[in-house]
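Taken together, the values in this text are just the output of simple stated rules run on the coordinates, not laboratory data. As the structure is a computational prediction, the values presented were derived from the model and not from experiment. All Cβ positions, even for glycine, are placed from backbone atoms using ideal geometry, and neighbour counts span all protein chains on display.
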Amino acid sequence: MAGYFEVGSKKLEPTAASGPALWPSDEYDEQLSRLRSAVGQSVYLVEARFDAQHVSARMSGTPYELLAIVDFPRPDPAHHLYPHILLLDDGRGVNLGRILRVSRDRPYAPSVEACLFENRALRSRILPSRRRLSVTLIRHIAKHQLGELIAAPQGALSSSEEPNDD
C-alpha cells in the first residue's frame with residue numbers, strides 16, 4: 001500500500017532506507033501511544049513543508065501544548081497523509097505525515113527517551129546526512145561563498161575540482 005508523492009521533479013516515498021516499509025511504519029502504533037501519553041504537555045515539532053518547488057524542514061524551537069490526537073478521516077499515502085492529526089494550542093491541526101519529529105523537554109537534539117514520534121523515512125529524504133569535509137569540498141564552498149560576497153560570476157568547476165563528500 002506504500003505510495004509516493006512528488007515535489008517538483010523529486011519523488012518521495014514513505015519507505016525505509018533499507019527497503020519497503022509498511023505504511024505507516026511498524027513503530028507507528030507505539031509512537032502514537034507515546035504521543036497520547038503526552039496530551040496536555042508541551043512538545044516541540046520538526047515539521048515538513050511541501051511546496052511545488054521543494055521540500056524542507058521547519059524547526060522553530062517553540063513549545064506547543066498538545067491538546068489532542070484525533071483520527072484523520074481520509075489517510076492517503078500518495079499525499080503523505082497519516083491516519084492522525086495533532087491538535088496544538090496555537091489553533092492548528094497538523095497531520096502526522098507532515099511531521100518529522102515530536103519531542104519533549106528540548107527542541108534541538110532531544111534524547112531518545114524524549115523523542116515521542118519520528119518519521120525516519122521522510123526525515124532521511126529531507127534532511128541532509130552528515131558529511132565528512134574534505135579539502136576539496138571546503139575549497140569549493142569557500143570559493144562559492146567568496147564569489148557571492150564580491151558578486152563575481154562563478155565559472156564551472158573542472159572535473160578535478162568537483163566536490164567529493166567522502
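Overview of values
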| item | result |
| --- | --- |
| Cβ-Cβ FRET estimate between L149 and M59, R0 fixed at 22 Å, reported to 0.05 | 0.20 |
| From phi via Karplus (6.51, -1.76, 1.60), per-residue ³J(HN,Hα) for region 58-70 in Hz, x at Gly/Pro | 10, 10, 7, x, 8, x, 10, 7, 7, 7, 6, 10, 10 |
| Gain upon complete extension [I141, R92; 0.36 nm per residue less C-alpha separation] | 13.8 nm |
| Cβ-based exposure ranking for I85, I141, in which fewest neighbours within 10 Å come first | I141, I85 |
| Proxy reagent accessibility, fewest Cβ within 10 Å first, across R125, R139 | R139, R125 |
